[in-house]
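For reference, the structure discussed in these notes is given below.
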Amino acid sequence: MHRRDILKALGALPLAAPAGRLLAAPAAKTRLLFVFLRGGYDAANLLVPLSSSFYYEARPNIAIPRAGANAALALDADWGLHPALRDSIYPLFNSGNAAFVPFAGTTDLSRSHFETQDSIELGQDSGGRRDYRSGFLNRLAETLNGGGIAFTEQLPLIFQGEVQVPNMALREIGKPGLDARQSRIVAAMYRGGALERPVSDGFAVRADVLRELGGEMAAADRNAISAKGFELEARRIARLMRDKYHIGFVDVGGWDTHVGEGGATGYLAGRFEELGRGLAAFAQEMGDDWRDTLVVVVSEFGRTFRENGNRGTDHGHGSVFWVLGGGIRGKRIAGEQVRVERASLFEQRDFPVLNEYRAVLGGLFARAYGLSAAQLDHVFAGVKPRDLGLI
């Protein structure tokens, strides 16, 4: 094997942080899947402010209509859902398995993808010094005695920390980068060194995942399920989380819609449809365990409320979080809200942040896991949790 091939393949292995420690599966029954929409999705076209005439004034080309074949799906008197989610998230909402938290986000005002993504993943006070070795899902896993996995090619910042967390991308699970012989060669290279255990554990996780999904891969050749998109990945994630992992993380890209965003149809509608199908498939695949599952969907920020000259939207501030699960008190638009008008915009351009993300997540974790004040402070230091009554 050439050195460059070894290093390339090693980069795709499910490795954990070398300084971390492996812990047993957590005692808590709740399973958490954290979904990060990277790129800052347009929350105003996801959760549509139907009662706001200013929304239609500000978005003459990309607004979701109130009536007609492609109208927003009414959730209450003020809010509607993008019609691309009619067959996926809308039924979950009506059955009480979905809720939305508008005006949510961070205090980060940089409007930078990378800065704000880091802020969320770290879960630390944005005014203090950042510790890039400590992501908040790792601290949660430490509090719950482990059980986490990132369904990503590289270990994300959110899972960096004291607990050893494996990572493995599932979209190309049928094409492992190394065969059995090559795996033994790589493992031998690191024997006796500091990376021996992370490499060994990485191979073990990969073998376990391949074993778990072997039957599904064979069935896929007969068109049992789609071979493309997030839906396939979501089903695989569910199969692994049912029995083996209690805290999962996955990110989904393609949400930076500066140009040609579309409205009820078009580019963004397609992304919503794909995401919605995947999340509905995840719920279905979880089976009876869905009632003990919590899914949280976030993005680094929202978009400008007004459309730009390219029929798209630019980097904004406040966003909308999704909360899904078989045991939540859904069918609600939760959290602090304000009427959507010109005067209520932040800096005359964006949704304001009225529901700070650490307080919202802290409230969810407290209810889902019964965490004490000291345990919550370990996950989100100095933050008072906010119970939105969703659990």
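The values are calculated or read from the model by the stated rules, or taken from the named source; none is laboratory data. Here the structure is a predicted model, which is why all the values come from computation and not from measurement. Here the Cβ is made from the backbone with ideal geometry for all residues, glycine too, and neighbour counts use every protein chain on show.
Key figures for this structure:
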| quantity | calculated |
| --- | --- |
| Among the candidates Phe346, Phe321, residue that is under 26 Å from His246 (Cα atoms) and modelled with pLDDT of 95 or more | Phe321 |
| Residue list for region 89-115, restricted to those being buried (at least 23 other Cβ atoms within 10 Å of the Cβ) and among the β-branched types (Val, Ile, Thr) | Ile89, Val101, Thr106 |
| Criterion violated by Glu121 - all others in (1) surrounded by fewer than 17 Cβ atoms within 10 Å (Cβ to Cβ); (2) under 30 Å from Gly276 (Cβ atoms) satisfied | (1) |
| Given (1) of a type outside the set (A, V, I, L, M, F, W, C); (2) on the phi > 0 side of the Ramachandran plot; (3) in contact (Cβ under 8 Å) with a residue 24 or more places away in the chain, index of the condition Gln348 fails | (3) |
| Any hit, region 340-361, residues being within 24 Å of Asn94 (Cα to Cα) and surrounded by fewer than 20 Cβ atoms within 10 Å (Cβ to Cβ) | no |
| Those residues of region 137-193 which are more than 22 Å from Leu232 (Cα to Cα), among the aliphatic types (A, V, I, L, M) and modelled with pLDDT of 70 or more, in sequence order | Leu137, Leu140, Ala141, Leu144, Leu157, Ile158, Val163, Val165 |
| Search result, residues across region 121-156 that are among the aliphatic types (A, V, I, L, M) and touching a residue at least 40 places away in the same chain (Cβ under 8 Å) | Leu137, Leu140, Ala141, Leu144, Ile149, Ala150, Leu155 |
| Subset tally (residues that are within 19 Å of Leu92 (Cβ to Cβ) and either acidic (Asp, Glu) or in contact with a helix residue (DSSP H, G or I) (Cβ under 6 Å, 6 or more places away or on another chain) (or both)) for region 46-63 | 0 |
